[in-house]
Structures are given as structure tokens and as C-alpha cells.
1. Ranked from highest to lowest mean number of other Cβ atoms within 10 Å per residue, what is the order of the peptides 159-170, 133-144, 76-87?
2. Using Cα pairs closer than 8 Å and at least 6 residues apart in sequence, work out the relative contact order for segment 7-160, in percent.
3. Which order do the peptides 46-58, 146-158, 7-19, 98-110 take when ranked by the mean count of other beta-carbon atoms within 10 Å per residue, highest first?
4. What's the FRET efficiency of Leu68 with Leu27 using the Cβ-Cβ distance as r and R₀ = 35 Å, to the nearest 0.05?
5. Test of understanding: what is the full-extension gain from Val158 to Glu48, defined as 0.36 nm times their sequence separation minus their Cα-Cα distance?
6. Roughly what would the spin-label model give for Gln124 and Gln110, points 7 Å off Cα along C-beta, in nm?
Amino acid sequence: MTQRGHITLVTGGARSGKSALAERLVLRHAMPRIYIATAQARDAEMGERIKAHQQDRGQGWRTIEEPLDLAGTLRATDGQGVRLVDCLTLWMSNCMGSADIGALTVTLRQQCCPVVLVSNELGQGIVPENALARQFRDDHGRMNQAVAALADQVWMAVSGMPLRLKPMAESPDDPI
């Protein structure tokens, strides 16, 4: 099922099963698997989460830890196999307001090998009480929309269940 430059976005809420879904989608490609991790083990609890993800993934993955230069890492690994980026939300947080979404989308459009990206869906909760949190939520939503627009497939994980959003069977612009 390998397609040249195939881009897939997997979104969902916290603990929705989006990483497991993304891993399943990567396994459909008959090529080497590269896991681009944006998480940083800044405390013991996060270190344990990272270890659990690694154990769940199992063998057969090359892991690259890159919390900041996501576009550069995608360019450097293109041609080496299918890449799973987990996750865009942590990458954006790591960049502290300087995440270059434009550079990311340009880089994604230039990829020869498939990329599966994981991102949280933040816009379904309450409105944050402070301006910084609202700005992050808004920027994150715009990032998800930009990546979804260029993606060949978009999936959402809900309670561990996959829901394909793109390509759609029917478009809201289709005549009734």
C-alpha cells in the first residue's frame, strides 16, 4: 500500500488510541519504520510514558528523538522509510510559540516517502481561562487544519476506535 509522498494525519483526544492507530497505519507500508519522537523526558512520569510507548511499539522501529527541528528531521529521513511523527502537539509546545507551521507544511508536500503524523484534538474542551492557553489552542487548531488539508488521509481515534475523516465518502459541498 506504499504510495509516494503519502501523508496521513491521526488526531484524537488524550488516551484516545491515536498513537496505536498511527502505528497500525505505518505497518501497512512495506518499508523500514522510523519513529520521530517529539516528547522529552523532563520528569520521571514522562520518562515512564515514553518507555511504555516504546514497549508497546515493539521491535523493528528506528527511533529519532527530535523535539524542535521537525521539518529538518523529515527532510533528513526522507527516502529511508515510512516515518511516524508522535506528536505535533508536543512539538508545538516544545517550540514555545516559534513553531514554523509553514515550513512544516512545505516539507510535508516535498516528501517522497510516507509520513504519519499524530496530533491531539484540543478544540473540543472548554475555553481556556488565560490568553496564552487560548493562543496555543488556536494556533494548534490552525496547524491541524493546515496538515489535514494537505494530507491524503485523516483519521480520528475515539475511545480506541478509528474513524476515517478523509477521504470522505461524501463532501459537504456535493449537491443534495
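1. Descending packing order for the listed peptides: 76-87, 133-144, 159-170.
2. It comes to 40 percent, rounded to a whole number.
3. Highest-to-lowest ranking by the protection proxy: 7-19, 146-158, 98-110, 46-58.
4. Plugging the Cβ-Cβ distance into 1/(1 + (r/R0)^6) gives 0.80.
5. Fully extending the segment from Val158 to Glu48 adds 37.2 nm.
6. 3.5 nm
Only the coordinates and a few stated rules stand behind these numbers; no lab work does. All figures in this text were calculated on a predicted structure; none of them were measured in a lab. All Cβ positions, even for glycine, are placed from backbone atoms using ideal geometry, and neighbour counts span all protein chains on display.
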